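Structure record follows, encoded as structure tokens.
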Amino acid sequence: MEHMRIFASKPALRILAPLALVLVVAGTGLVATTASAEKKLPTRTPQELLVDLQQARTDGLSGTVVERADLGIPAIPAPNGQDDPELTSLVSGTHTLRVRYSAPDKARLAVLGTYSEYDIIRNGKDVWTWSSKENAATHRTLTDEQQGQPGSTPSGMPSTPTEAADRVLKALEPTTTVTADSSVEVAGRQAYELVLDPNDSNSLISQVRLAIDGDTKLPLRVQVFGTDNKIVFEVAYTSVDFTRPDDAEFVFNPPPGAKVTEIQPNDQTPSTQDRKQGQEARTIVGKGWTAVAITKVGELSNSERDQQLKAFLSKLQPVQGSWGSGRLLAGTAFSAVWTDDGRLAVGPVRPDVIYQALSR
Amino acid sequence: MSAAELLLVKNPPRARVSTRFLRSELKIIFGRRRNLAGMGVLAVVPVILAVAVRVSAPGQGDGPPFVSAITGNGLFVAFAALALELPLFLPLAVSAISGDAVAGEANLGTLRYLLAIPAGRTRLLVIKYAAIVIFALAATFLVAIVGVIMGLALFGGGDMTLLSGTQTSMADGMWRLALSSLYLAAQFSALGAIGLFVSTLTEQPIGATIAIVLVNVFMFILDSISQLAWLHPWLLTHWWTAFADLLRDPIATESIKRGLITALVYASVFWLAAWARLSTKDISS
């Protein structure tokens, strides 16, 4: 009780006890977030790391991913007026996802909502989706041709660091400066960090940082920085375990009472049809970090979905120029213009680069 | 200091583990009519919920969390009631008890008698906080148990569909409900530590209770402002809804762990603050 004597003689000093605890907790919290690796990984050049990334393979993993997007997109009105955890909402806000992977054809992605969950499960030829909120599942059997294709989320947003890293590497071009930064720690693992600088004043992206696991060489974190050096998009593991998940985790049987929709394999699903048409009508102006994709989308119909889109567009800033007129969405990492003659131009660039591309 | 007191300080009586103080404290908490009325309100929510869902047409997707799952398995009445009472009712009950803990004694003029023995202030705070924790457990389990009884009576049990879409046994569902209740009781206990501290600042128990409820609501408001995302993990209430992670397959432990650590830190900091405050306070009533 020796140490307590000071408290007995000077009770006012007791206030130091809770304050000290606050300081200790805040201190450990800050150390945990800024901790740099204590054990240095062997040095690797940026080129070696790029090769590592492309060759990285895993025999399986399960982990938790946090995705943050601040793309400057105005809130998209959801059909029921509520914020739903489904994948289409990944374009804004913070989301927690659970990733499980054991083979290219055995993977499960779960978006963890506050009181809900949305799952996409790929097991061999079977692809299931499950929405706990709707109590509904869909099932699709992949054809042999489709099996080779990598799956993509409906929103088109990369939902795992691997997916995000693939996209970034596709955009690499000679103007990009690639440097390997000091080692970092992600999800409690030692990692390399690759820093990509586009070096293009027309691009809204000022930097992309890729954290690569020192051991497996898998991407653990991807951060995209906007022009004001703020993170506009981030997807990172908060915990990851490289043991192969049990096969049972990829088996999905719709629970009794759930609505199950069977998507016929020989049906042209709307999404694949859209994609095919889209590819025909899409032109890319420029390349790499300043590529602008122009898609002929045609007139909006009177369907419920198109009416919603119309309402959304009418909130955007009207713009015009020698290229015509339309509505501008000036995001933090990209700009998009929907022209009145039914063209959609999107790119990670300033609006004037979009106008130039449209007038070509 | 008198000679007798000096003697006691030098040779403190050997600590006897006596539950008498705690037992009398619990008798007061669970014997007060206003507290019983409060617990009655807590228990009424699952009853209303179960009856309302039973008599209305089944809706899908809309409404409060878990409610659409109730028709499939009665256990969800308990989960839905916990989710509904989590933002206000349960914290309010804990606020009332913890706000009363010290301020109530001061208000009645009984605090100085409780402190008649030297070194009694720390012990007083230990006992008072133990009673708050027991109340938090009792209140949370009351909601859960009434929910289970109503749910099973009106909708029946059976296998339960988890958030991940997998089915689990009734026993496993009960186990997950017990874990959820324990987790939430731990969270409310941390709020109770804030309450204990606030209670040492005033002699007005009602004022203390209102202040604690305000702190609770304020944390919820801060948690809803997306521009303050950096602050969210530090807020106690941010982790409360994580109890639903116990309904995933397999259980997602990450948020649960963070939530428990956050609750432990809040409880320790505010218990120590209460201790620092009470031991320097002039007790006149």
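The values are calculated or read from the model by the stated rules, or taken from the named source; none is laboratory data. It should be emphasised that the depicted structure is a prediction, and the values quoted were computed from it without experimental measurement. Quick reminder, even Gly has a Cβ in these numbers, built from the backbone with ideal geometry, and neighbours come from all protein chains shown. Side chains included, ligands, DNA and RNA excluded: accessible areas come from the protein's heavy atoms. Shrake-Rupley method; radii C 1.70, N 1.55, O 1.52, S 1.80 Å.
If a residue must be of a type in the set (Asp, Glu) and either within 13 Å of another protein chain (Cβ to nearest Cβ) or closer than 30 Å to B:GLY104 by Cβ (or both), how many such residues does the stretch B:160-207 contain?
Count: 1.
What do you reckon, is B:ILE70 at pLDDT 95 or above and among the β-branched types (Val, Ile, Thr)?
Against the criterion (at pLDDT 95 or above and among the β-branched types (Val, Ile, Thr)), B:ILE70 does not qualify.
Checking the conditions here, which among B:GLY104, B:GLY120, B:GLY109, B:GLY74 is of a type in the set (Gly, Ala, Ser), without any contact (Cβ under 8 Å) to a residue 40 or more places away in the chain and open to solvent by less than 30 Å² (accessible area, probe 1.4 Å)?
B:GLY120
Looking only at the stretch B:223-237, count how many residues are at pLDDT below 95 and part of a helix (DSSP H, G or I).
8
Has the stretch A:234-247 got at least one residue that is among the polar types (S, T, N, Q) and either more than 25 Å from B:GLY165 (Cα to Cα) or away from chain B (no Cβ under 14 Å) (or both)?
no
Are any of the residues in the stretch B:124-137 at pLDDT below 90 and open to solvent by 20 Å² or more (accessible area, probe 1.4 Å)?
no
Would you check which residues across the stretch A:248-266 are away from chain B (no Cβ under 13 Å) and of a type in the set (A, V, I, L, M) and list them?
Within the stretch A:248-266, just A:ILE263 meets the criteria.
Which residue is nearest to A:ASN253 (Cα to Cα), if the candidates are limited to the stretch A:111-131 and must be without any contact (Cβ under 8 Å) to a residue 40 or more places away in the chain, hydroxyl-bearing (Ser, Thr, Tyr) and facing chain B (nearest Cβ under 9 Å)?
Ranking the candidates gives A:SER116 first.
Would you say B:VAL44 is among the β-branched types (Val, Ile, Thr), within 14 Å of chain A (Cβ to nearest Cβ) and without any contact (Cβ under 8 Å) to a residue 24 or more places away in the chain?
The answer is no for B:VAL44.
Taking the stretch B:238-270 only, how many residues are within 8 Å of chain A (Cβ to nearest Cβ) and closer than 30 Å to B:GLU203 by Cβ?
4
Kindly provide the set of residues from the stretch B:154-172 that are under 27 Å from the mean Cα position of the chain (by Cα) and more than 22 Å from A:ILE121 (Cβ to Cβ), ordered by number.
Across the stretch B:154-172, the qualifying residues are B:MET170, B:ALA171.
Collect the residues in the stretch B:260-278 that are hydroxyl-bearing (Ser, Thr, Tyr) and surrounded by fewer than 20 Cβ atoms within 10 Å (Cβ to Cβ), keeping them in residue-number order.
B:SER268
I need every pair where a residue in the stretch B:221-250 that is closer than 21 Å to A:LEU71 by Cβ has its Cβ under 7 Å from the Cβ of a residue that is surrounded by 13 or more Cβ atoms within 10 Å (Cβ to Cβ), sequence separation at least 6 or different chains.
Sorted first by the residue in the stretch B:221-250, then by its partner, the pairs are B:SER226/A:GLY93; B:LEU228/B:LEU222; B:ALA229/A:THR94; B:HIS232/B:ASP223; B:HIS232/B:HIS238.
Among A:ALA336, A:ALA345, which is the only one that is of a type in the set (Gly, Ala, Ser), surrounded by fewer than 21 Cβ atoms within 10 Å (Cβ to Cβ) and assigned by TED's automatic domain parsing to the domain that holds A:VAL292?
A:ALA336
Yes or no: B:SER285 among the polar types (S, T, N, Q), open to solvent by 20 Å² or more (accessible area, probe 1.4 Å) and at pLDDT 90 or above?
no
Please tell me if A:ARG244 is at pLDDT 90 or above and assigned to a strand (DSSP E or B).
When the stated conditions are applied, A:ARG244 does not pass them.
Checking the condition closer than 24 Å to A:LYS287 by Cβ, at pLDDT 80 or above and of a type outside the set (Lys, Arg), which residue from A:ASP166, A:ASP197, A:ASP213 passes?
Testing whether each residue is closer than 24 Å to A:LYS287 by Cβ, at pLDDT 80 or above and of a type outside the set (Lys, Arg) leaves just A:ASP197.
Within the stretch A:39-46, is there a residue that is open to solvent by less than 40 Å² (accessible area, probe 1.4 Å), at pLDDT below 80, under 29 Å from B:PRO233 (Cβ atoms) and not assigned by TED's automatic domain parsing to the domain that holds A:VAL224?
Looking through the stretch A:39-46, none of the residues is open to solvent by less than 40 Å² (accessible area, probe 1.4 Å), at pLDDT below 80, under 29 Å from B:PRO233 (Cβ atoms) and not assigned by TED's automatic domain parsing to the domain that holds A:VAL224.
Being modelled with pLDDT of 85 or more, within 27 Å of A:LYS106 (Cβ to Cβ) and of a type outside the set (S, T, N, Q) is the requirement here; does A:VAL251 meet it?
So A:VAL251 fits the description; yes.
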